[in-house]
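Report on one structure; see the data block that follows.
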Amino acid sequence: MIGKCARGILGLLAAIAGLGIAGGAQAQPIVGVPHDWQMGLPPAYTPVGQRLESLHDLLLVIISLICLFVLALLIYAVMRFSAARNPTPSTTTHNTVLEIAWTVVPILILVVIAIPSFRLLYYGDKAVDAAMTIKVIGHQWYWSYEYPDQGNFSVDSRILSDADRLKQKPTMPRLLAVDEEMVIPKDTVIRIIGTAADSMHGWTVPGFGIKKTVIPGRLNEGWISVKEEGYYFGQCSQICGNNHTYMPVAVRVVSKPEFDKWVEQKKKSAGLLPATDVASATAPANR
């Protein structure tokens, strides 16, 4: 009997410990991926995302004050002008001061909103002193990334099926894992040039504060600069056809030395290494 009680107590303690470990593991941040029960905007990982978050907070304060003010007016009107307190309705039809106030005050509020909004639009529109350019091309239904500054090679990024994800990248999130991510170096200003090959697509990474609608025959520009290494995910945000749901955006941010190694590997795969490199590699053997 005592043994059964001891085993029961040990089992209960193990279960509690297991719950604690699971809760701790779930509480660990996953870079660039939404979490269960997440509220509000995702964490901002770029300067544009940080400014977007600041604008959101400002708008939240403004709209909250407006809602409270309108609620107070409604309560005042219901209580002050109820039928019990006003058996004889007022015949007042105009109030010049009120009409000027409810015209001028909304205009001032819109001006307060417009100034930081336009600043943010111009700030995120063009890259200043970009270190490199990546061309993003939307297809039905995958993404391709061209690196014109690194030898002009390209990478196709397609979603992984559940079976392939479990075999190749089991730690990657479902419906967001791809075979080839867009790889960029950290702490680097990168110009994003977006276009499409067939229909409109939306290259969107919430944590970067970027949403670019890519259109066939047109180039749209934006920029990113990510400080933290890791995987960041987004999705196509423009309904583009049957498999619109299955073209995620996956970005891998690495250190600059690791990025240089990745570029060299891709250039070798594409046969873009110059002949001088091959000659220098074989020169000691000829000697």
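Rule-based calculations on the coordinates, nothing more; no lab input. Keep in mind it's a predicted model, so treat the numbers as computed, not measured. Cβ sites come from the backbone with ideal geometry, for glycine too, and all protein chains shown count toward neighbours.
Beyond 19 Å between alpha-carbons counts as too far, so tell me which of K169/K227; K135/K212; K186/K261; K126/K211; K126/K261 fall in that bin.
Numbers: K169/K227 24 Å; K135/K212 12 Å; K186/K261 14 Å; K126/K211 14 Å; K126/K261 28 Å.
Pairs exceeding the cut-off: K169/K227; K126/K261.
Rounded to the nearest 20 Debye, what is the dipole magnitude of the range 132-270 about its Cα centre when Lys and Arg each give +1 and Asp and Glu each give -1 at the C-beta?
Numbers: 18 positive and 16 negative charges, 15 e Å.
Roughly 80 debye for the range 132-270.
Given axes a ≥ b ≥ c from the Cα gyration tensor, I'd like to know whether the range 132-270 is rounded (a/c under 1.5), prolate (a/b larger than b/c) or oblate.
On the way: a/c = 1.44, a/b = 1.09, b/c = 1.31.
Because its axes are fairly even, with a/c under 1.5, the range 132-270 counts as rounded.
Please work out the FRET efficiency for the pair K126 and W37, using the Cβ-Cβ distance as r and a Förster radius of 35 Å; give the result to the nearest 0.05.
On the way: r = 37 Å, r/R0 = 1.07.
Once rounded, the FRET efficiency stands at 0.40.
Explain nothing, just the number: relative contact order of the range 132-270, from Cα pairs under 8 Å at least 6 residues apart, as a whole percent. Before the final figure, lay out the partial values.
Working: 323 pairs, mean separation 37.1, N = 139.
This gives 27 percent for the range 132-270.
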